[in-house]
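The values are calculated or read from the model by the stated rules, or taken from the named source; none is laboratory data. Here the structure is a predicted model, which is why all the values come from computation and not from measurement. Reconstructed Cβ throughout: ideal geometry from the backbone, glycine too, with neighbour counts over all protein chains shown. The accessibility values were calculated without ligands, DNA or RNA, using every heavy atom of the protein model including side chains. Shrake-Rupley method; radii C 1.70, N 1.55, O 1.52, S 1.80 Å.
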Amino acid sequence: MSEPYRQPAAEVAAALGADIERGLNEDEARQRLARHGRNELAAERRVPGWKKFLAQFKDALVILLLLATLISVALWLLERDSALPYEAIAILAVVLLNAVLGYVQEARAERAVAALRQMAAARASVVREGKRRSIASAEVAPGDILLLEEGDTVAADARLVRSASLQTAEAALTGESLPESKQTAPIAEETALGERSNMVFSGTAVTHGRGRAVVVATGMQTQMGHIAGMLKEAPAETTPLQKELDRVGKVLGLVVIAIAVVMVLTILAVADVRGIAALLNVLILGVALAVAAVPEGLPAVVTAVLALGVQRMAKRNAIVRHLAAVETLGSASVIASDKTGTLTKNEMTVRAVVTASGRVDFGGTGYVPEGEVRVAEKSRIEISRALTVGDRANNAVLQERDGRWSVQGDPTEGALIVAARKAGLESDELGKRFQRIGEVPFDSERKLMTTVHQDAERDRVLAFTKGAPDVLLGRCTHELVGSEARPLEEQRRRQILQTNESLASEALRTLGVAFRTLPHDAQVDEDVEHELVFAGLIGMIDPPREEAKEAVARARAAGIRTLMITGDHPVTARVIAEELGVAQVYARVSPEDKLRIVKELQRDGSIVAMTGDGVNDAPALKTADIGVAMGITGTDVSKEAADIVLADDNFASIVAAVEEGRAIFANIRKFLRYLLSSNIGEVLTMFFGVVLADALGLTAAGSGGVVLPLLAAQILWVNLVTDGAPALALGVDPADPDVMRQPPRPRGEGVINRRMWAGIAYVAVIMAAGTLLVIDASLPGGFIEGSGSLAYAQTMAFNTLVLFSLFNVFNARSDERSAFADLFSNGWLWLAVLASLLLQLAVVYVPFLQKAFSTVPLSGADWLFCAAVASSVLWLRELGKVLTR
C-alpha cells in the first residue's frame, strides 16, 4: 500500500479491511494485535545494575589507578613502614567515588524512550462492532476506527475519514508553531510530515473539533515509534574531555611502565647493587616512582570541578544532566538551534492590526498582556472594534499562574485576547456588554468562525466573525471607516488583499475580522456569515525572544556560529532569522534531516550544541556533542535525550552556559598543567638523582651501593599533599575576563596542547634542577660543598620539592597571564597552599611522622634556603611568559 495520505480514505480503509461505520470485530482486533504487536514503543533491554557499575571502571586512567592501588599494597606488604597502606586506600577511595558518581549519573540518563512511551494516550475511543468503546491505547490495532474529540491524545497514526473543524497540535513532532487544520481529501504530491493534513499522528493532541480516522500504523511503526528507533540507534557520544582523559590515561600507562623499567635498569647500570635486599629496594623504588608519576587525584579533581561548575550553571538557568557535558558546551563551535520554543517563545503574538485608516503595530512578545500600542485618534474606533471581534469570537482563556501567563486553548485565539488587553479592552467589561447567545464553530471547509452576542448597551444582536481574509472578504459588503460602515468597492477589496499579501511576506499569519447586526429572532447558522462589515486585518507571529538577538551576537563574538534548524515554514524561518542575525537557516526539515545536519557538522570538525524542545528534536539532541533541551516548553522526551536543560527556555542562557563551560575548561587545563608539571618534576628529580649520584655526593653513605635523592614514602607523600587541595582550588579559579572574546577550541586539539606541554616540561626541569642543587649543597662532596647527613639532605630535597609544587600552583593559572595578576582573587587557593604547608611542617617536626617518612628537623635558615630555591620556578616561569607575550 502506498502512503495513506495520497489515497482516498475509502481505499485506505478497504486496503486495511476496515469498516468505517462498524469498525473491527473483537476477534479480528485480537488477531491483528497478535500479528502486529501491541500499540506501544519497544522497551529498552534492561542492563543489570552491577554491569552498569562495573562499566565505570573501563577507562584507561581508572584501570591505571587500580594497578597503582595494587602496587601500593604490594609496597606496603614488603616494607611495612606504616600501620595501613594509606596511599592504596586513598587511591581506591578516589576510584570508588568516581564510579559511584558515574553510576548515579547514568541511572538518570537513558530514559528517553520511556518518556516517549509515557506520551502515548492512556486510553482511546474506537468503534468496535458498530459501538463506541474506550480501550487501552496499547490495544489499538491497524484498521481500528479512532473517534477523536477536543482534548484527546491521538493513540496511533491514522488516516482521517471524517473531519469537523478538527485541529491537532503537532509542534512536538513537526516543529510547527500553530495547530494544524485537518481535512479528508487525498494529497496528490509527496509532502513533508507537517503538511499531511489528512493524517493524525500518535502522541499529538486534538485542540479543536472532532473527527474519525482509520488506524494505519501502531507501536514502533508510527512516526513517534520511528523517532524512538532513531533515538535508540543514536550512539552515546563521548565528550572531548572524556576522549582526552582516556588518551592521557593510556599515555600515562605506557609512561609509567617505561619509567619503572628505565629507572630500575639505570640504577642497576650506574650503581653497585649487591644482594637480594638491595635489588629488592631498587625494584620497590622503581615501582614507587611509577606510582608517583600517576596523578591519582586527576579523576577526583575533574569530577569535583565539573560538579562545582554544574552548580554555577544552575544559577544561570542551565541544569546539567551529565557532568562531562559542562566542558563540552564550552568547546562548542556551532549552536544548531530549533526555532519554535527556543529562539521564539512558542507563543503567538499580534504584531499588527490594519484597518481602513492604516496600520497599528503592537509591541511586546508572548502572552504577557504588556507592550506599546500607539493608536492614532482616527484609528481608535476601528482598532477597538476589530479587537473586540477578535476577543469575543474566541474560545481561549488567558490566565496567570505564579507570575507566568499562559493560554488555555488555541494559541491564535490567545494572541487576539492579549492584543485586546494591550489596547485597553478588558475581558470582564466586554463579557458583560457582549453576552454570547450562539456560535457557528470554525470549519476547515468554511475557514470561518462566528459567535453571536446580545449587546447589553444598545439592545441589539451582533455577529462577530473571524477567519481567512480572502474568504471573509467575499462575505463582506461594507467596511468600517471610523464609526461608519461604508460600501466596500472593488478597488478597496484589491487593496485589502494586497495588504494581506504584504503581511504574509513578513511571515505574519493573518486573520480577517468582521461583524454585522442581526434581527433579534435570527437563527444562528452559517447564513449569518453574509453582508458583513469588514473591520480589519490582524497579523500575528511566534516572535523571536527579545534577548535572543543579543545572545546570537555574543555567540558570534565568541567565534560560535548559530544555525536555525526548524520544521516550520521557510518564510517564517527566514524572517525570524533576519531579526535575530542568524545567517544560516534550514526550514521544513524532518527528524532525519536534523540528525543528518548534526552529523555533517561533526564530520566537518565542528563541536555541535543542538537545542530543541520537541519529540522530533530528540535524536539530534542525543547525537550532538551537547544536547540542550527547553525546561518549560520542552517535552519529556527532549529533556531525557539532552545533556543540559534550560530552566527558563532562554537562548541567552545557552550562551551564558557556554561562558561557564569555557571557564571550567580553562580551570581543567590549569590543574592538568599543575599536576603534570609537578609529577614530571618528581620523576626527573629521581632519575637524574640516580644518574648523577656520584657528582652530587649521593654515593658517600649508600647501603648496598644504592642511594636515592628521595625515599619511596616521601615521593608518595609529595603527591598526597600537593596533588589534592591545591589542584582542586585551581578548579574554582575565577574566569578570565576575555573568555568570550576567544575562538572555540578546535575539535582535534587536545586538552593539553603543544604550548602546554612545553610549559609543563620547562617547569619540570626547573623543579628537578633546583631539588638536585639543594641535595648537592646539603652533602659533602659534589659541586657545592655541604656537611649534612644523608637523612638531612633527603629531608631538604623532600621539603624543596613540596615548596616547588606550592609555588608552581600560581604559575599554573595561565600560560600567558602573570601569576601576580589577580593574585588574591582565589581565596580557596591560598587556603589550600596554607593547608599543604602545615601538613609538610607536621611531617618535618611531629615525631611519629618523622619516623614514618625518615625526616629530620630543619632550622629556619634551612627553610629559607628551600623556599628561595623553590621560588625560582615562579620567577623563571614569569620570565618565560614575558618573552612569550
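Checked against (1) more than 18 Å from Asn679 (Cα to Cα); (2) at pLDDT 85 or above; (3) touching a helix residue (DSSP H, G or I) at 6+ places or on another chain (Cβ under 8 Å), Ala761 passes all but condition (1). Of the candidates Arg516, Arg509, the single residue that is modelled with pLDDT of 95 or more and of a type in the set (Lys, Arg) is Arg516. Checking Ala852, Ala868, Ala842, Ala832 one by one, the residue that is free of Cβ contacts under 8 Å to residues at least 40 places away in the same chain, part of a helix (DSSP H, G or I) and either of a type in the set (Phe, Trp, Tyr) or open to solvent by less than 50 Å² (accessible area, probe 1.4 Å) (or both) is Ala842 and no other.
Take Ala141 and tell me if it is surrounded by 20 or more Cβ atoms within 10 Å (Cβ to Cβ) and hydrophobic (A, V, I, L, M, F, W, C). Against the criterion (surrounded by 20 or more Cβ atoms within 10 Å (Cβ to Cβ) and hydrophobic (A, V, I, L, M, F, W, C)), Ala141 qualifies.
Considering only residues of region 554-579 that are part of a strand (DSSP E or B) and of a type in the set (A, V, I, L, M), which is modelled with the lowest pLDDT? Of everything passing the filter in region 554-579, Ile565 is modelled with the lowest pLDDT.
Mind checking which residues of region 695-713 are at pLDDT below 80 and within 59 Å of the chain's Cα centre (by Cα)? Passing the criteria: Leu698, Val706, Val707, Leu708, Leu711, Ala712, Ala713. Evaluated against (1) open to solvent by 10 Å² or more (accessible area, probe 1.4 Å); (2) modelled with pLDDT of 90 or more, Val802 falls short on exactly one condition, (1). Residues in region 754-786 that are of a type outside the set (Asp, Glu), in a loop (DSSP other than H, G, I, E, B) and surrounded by fewer than 14 Cβ atoms within 10 Å (Cβ to Cβ): Pro780, Phe783. The selection criterion, being modelled with pLDDT under 90 and more than 21 Å from Asn317 (Cβ to Cβ), does not hold for Pro544.
Residue-wise test of (1) over 27 Å from Gly661 (Cα atoms); (2) charged (D, E, K, R); (3) crowded, with 23+ Cβ neighbours inside 10 Å.
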{"residue": "Leu537", "(1), (2), (3)": "yes, no, yes"}
{"residue": "Lys549", "(1), (2), (3)": "no, yes, no"}
{"residue": "Val552", "(1), (2), (3)": "no, no, yes"}
{"residue": "Thr562", "(1), (2), (3)": "no, no, yes"}
{"residue": "Asp568", "(1), (2), (3)": "yes, yes, yes"}
{"residue": "Val571", "(1), (2), (3)": "yes, no, no"}
{"residue": "Lys594", "(1), (2), (3)": "no, yes, yes"}
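Here is a yes/no grid of residues against (1) open to solvent by 40 Å² or more (accessible area, probe 1.4 Å); (2) under 18 Å from Thr800 (Cα atoms); (3) part of a helix (DSSP H, G or I):
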residue	(1), (2), (3)
Leu708	no, yes, no
Ala713	no, yes, yes
Trp717	no, yes, yes
Leu728	yes, no, yes
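Within region 373-420, restricting attention to residues that are without any contact (Cβ under 8 Å) to a residue 12 or more places away in the chain and not basic (Lys, Arg), the residue that is farthest from Leu472 (Cα to Cα) is Asp402.
Residue count for region 386-406 satisfying the condition of being surrounded by 21 or more Cβ atoms within 10 Å (Cβ to Cβ) and not acidic (Asp, Glu): 9. Note on region 312-321: residues that are open to solvent by 20 Å² or more (accessible area, probe 1.4 Å) and part of a helix (DSSP H, G or I) amount to 3. Would region 465-473 turn up any residue that is part of a loop (DSSP other than H, G, I, E, B) and either out of contact with any Phe, Trp or Tyr (no Cβ under 8 Å at 6 or more places or on another chain) or crowded, with 20+ Cβ neighbours inside 10 Å (or both)? Scanning region 465-473, I find at least one residue that is part of a loop (DSSP other than H, G, I, E, B) and either out of contact with any Phe, Trp or Tyr (no Cβ under 8 Å at 6 or more places or on another chain) or crowded, with 20+ Cβ neighbours inside 10 Å (or both), so the answer is yes. Looking only at residues in region 424-464 that are touching an Asp or Glu at 6+ places or on another chain (Cβ under 8 Å) and free of Cβ contacts under 8 Å to residues at least 40 places away in the same chain, which one is least open to solvent (accessible area, probe 1.4 Å)? Only one residue fits best here, namely Ser427. Scanning region 348-360 for residues that are within 36 Å of the chain's Cα centre (by Cα) and either among the aliphatic types (A, V, I, L, M) or open to solvent by 20 Å² or more (accessible area, probe 1.4 Å) (or both) gives Met348, Val350, Arg351, Ala352.
For Pro487, indicate whether it is more than 44 Å from the chain's Cα centre (by Cα), more than 19 Å from Ile383 (Cβ to Cβ) and either of a type outside the set (A, V, I, L, M) or open to solvent by 10 Å² or more (accessible area, probe 1.4 Å) (or both). Considered against the rule, which asks whether it is more than 44 Å from the chain's Cα centre (by Cα), more than 19 Å from Ile383 (Cβ to Cβ) and either of a type outside the set (A, V, I, L, M) or open to solvent by 10 Å² or more (accessible area, probe 1.4 Å) (or both), Pro487 comes out as yes.
From the residues in region 536-553 that are in a strand (DSSP E or B) and of a type in the set (A, V, I, L, M, F, W, C), which one is farthest from Leu473 (Cα to Cα)? Going through the qualifying residues, I end up with Ile541.
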